[in-house]
Amino acid sequence: MNKVIYMLIVIVGLFLSISVNAAEEAIAVKVGEGSLTVSGYVHTRYSYTSYDNPDAFAVVRARLILSGSVVPDVSYRFQYDLRLATSGLRDAFIKYSNLPLGMAITVGQFKIPISEAGIIWGTAANNLINGPIIYEGYLYKKTGYSTITFADRETGIVLDGKMLDNTIGYALGVVNGNGINIADDNNNKDILARVTVAPFKELNLGVGAMSGREVSATYIARKRLIATAKCEIDSFKLVSEYFYQEREKSVGKLATDNFYITGSYIFKLDEQFIEPVLRYQQYTADVFNADYKVNVVTPGLNFGLNKYTRLQVNYNYIQDEIAANDNEVLVQLELKF
């Protein structure tokens, strides 16, 4: 009971104490024929769980972003996490956008465009604090078993574009397949592809896939399949995705899948906004030679205090077949510039 009271004090205190004076625009500098823009964002979080983890404050992201163009058709983006414990490069790519039929080619390390959640997870565009389990990960608390996830960033090359008045989008790429900031460990590259179709301006449907080889004592190959449906009508947004990952062993395979559906609505109040959000997700994996499921229901509220600052409050009700039901509250303050 004392923890619950303390948590409420933290939420109210954060909401009442925020006073941010940010520059009107990101810092932009003229560089030759191009430009350099300095931007970034910080996520400071308080977490409380009713199970066995202590409540804690943490800075989960502190990102500095340098982006711009060298000439009109050549752009770049570098993103670095400044935290001491997990500092490191996030984005580092060059993009050339003057190819025939409106195509663009990107080379470097980037978010792989195979799913909606993977593109926005961990950024200022996400309307929930945690992403889907397939990207975020989840620890079974009683056993210490961790979920099997896949990375949102890879190093390689991708070709993308839109056609037929932006009703069809596509992406095709070749990447290392080992995840962020990790060199390839074999001569077989991973192939990724995605196609999106917008039959109406309010509706967008997509399918994505990724396949490659692994060098491991346990796994020798993997494939991923993703299906997406997104509907946006004025201030209402509904997004649903299904992820499937199969990792082939020398004998047998390990299959995991993750489904989620998220609905949100933005109420605008001059420069402020309130956005209620609700998500349901289910993660299934073969654990200890049996299928186990994790179900998570997440209601949340986003408070847009100004164009640079957002306070997010999420409650996660977790049904864990291996461990036990868990209640988790996350409070996150976001500052972007």
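Quick notes
Quick grid of which residues meet (1) among the aliphatic types (A, V, I, L, M); (2) more than 26 Å from Val296 (Cβ to Cβ):
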residue: Ser97; (1), (2): no, yes
residue: Leu101; (1), (2): yes, yes
residue: Ala104; (1), (2): yes, yes
residue: Ile119; (1), (2): yes, no
residue: Asn126; (1), (2): no, no
residue: Gly131; (1), (2): no, no
residue: Ala151; (1), (2): yes, no
residue: Leu159; (1), (2): yes, yes
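- All of Gly177, Gly169 fail the test of being at positive phi and surrounded by 14 or more Cβ atoms within 10 Å (Cβ to Cβ), apart from Gly177.
- Condition broken by Lys237, with the remaining ones in (1) modelled with pLDDT of 90 or more; (2) over 20 Å from Ser146 (Cα atoms); (3) of a type in the set (Lys, Arg); (4) open to solvent by 70 Å² or more (accessible area, probe 1.4 Å) satisfied: (4)
- Members of the stretch 240-276 that are open to solvent by 50 Å² or more (accessible area, probe 1.4 Å), over 16 Å from Asn126 (Cβ atoms) and under 17 Å from the mean Cα position of the chain (by Cα): Tyr242, Phe259
- Any hit, the stretch 174-183, residues being closer than 27 Å to Arg279 by Cβ, free of Cβ contacts under 8 Å to residues at least 24 places away in the same chain, touching a Phe, Trp or Tyr at 6+ places or on another chain (Cβ under 9 Å) and not aromatic (Phe, Trp, Tyr): no
- Qualifying residue in the stretch 313-320 (condition: at pLDDT 95 or above and within 18 Å of Thr123 (Cβ to Cβ)): yes
- Count - residues of the stretch 314-337 that are touching a helix residue (DSSP H, G or I) at 6+ places or on another chain (Cβ under 7 Å) and open to solvent by 30 Å² or more (accessible area, probe 1.4 Å): 1
- Neighbours by Cβ (under 8 Å, 6+ apart or cross-chain): first from the stretch 247-265, farther than 11 Å from Gln282 by Cα; second among the small types (Gly, Ala, Ser) and at pLDDT below 85: Arg247/Ala221; Glu248/Ala221
- One residue stands out in the stretch 202-233 among those that are modelled with pLDDT under 90 and either farther than 16 Å from Gln245 by Cβ or in contact with a His (Cβ under 8 Å, 6 or more places away or on another chain) (or both): the one that is surrounded by the most Cβ atoms within 10 Å (Cβ to Cβ), namely Val215.
- None of Thr155, Thr149 is of a type in the set (S, T, N, Q), part of a strand (DSSP E or B) and crowded, with 16+ Cβ neighbours inside 10 Å except Thr155.
- Candidate set: the stretch 277-292, residues that are more than 19 Å from the chain's Cα centre (by Cα) and surrounded by 14 or more Cβ atoms within 10 Å (Cβ to Cβ); chosen: the one modelled with the lowest pLDDT: Val287
- The listed residue being more than 30 Å from Met163 (Cβ to Cβ) and more than 11 Å from the chain's Cα centre (by Cα), out of Ile133, Ile94, Ile148, Ile129: Ile148
- The stretch 58-91, residues that are over 30 Å from Asp165 (Cα atoms), open to solvent by less than 40 Å² (accessible area, probe 1.4 Å) and of a type in the set (D, E, K, R): Arg61, Arg63, Asp81, Arg90
- Qualifying residue in the stretch 183-203 (condition: of a type in the set (Val, Ile, Thr), under 16 Å from Cys231 (Cβ atoms) and more than 18 Å from the chain's Cα centre (by Cα)): yes
- Single unsatisfied condition, Glu136 versus (1) within 29 Å of Gly208 (Cα to Cα); (2) modelled with pLDDT of 90 or more; (3) charged (D, E, K, R): (2)
- Hits in the stretch 67-90 (condition: of a type outside the set (Ser, Thr, Tyr) and assigned to a strand (DSSP E or B)): Gly68, Val70, Val71, Val74, Arg77, Phe78, Gln79, Asp81, Gly88, Leu89, Arg90
- Residue identified as of a type outside the set (Lys, Arg), more than 30 Å from Val38 (Cα to Cα) and either touching a strand residue (DSSP E or B) at 6+ places or on another chain (Cβ under 9 Å) or without any contact (Cβ under 8 Å) to a residue 40 or more places away in the chain (or both) among Gln272, Gln332, Gln319: Gln319
The values are calculated or read from the model by the stated rules, or taken from the named source; none is laboratory data. Fair warning: this is a prediction, and the values are worked out from it, not measured in the lab. Please note: Cβ atoms are built from the backbone with ideal geometry, for glycine as well, and neighbour counts cover all protein chains shown. Surface areas here come from the heavy atoms of the whole protein model, side chains and all, with no ligands, DNA or RNA. Shrake-Rupley method; radii C 1.70, N 1.55, O 1.52, S 1.80 Å.
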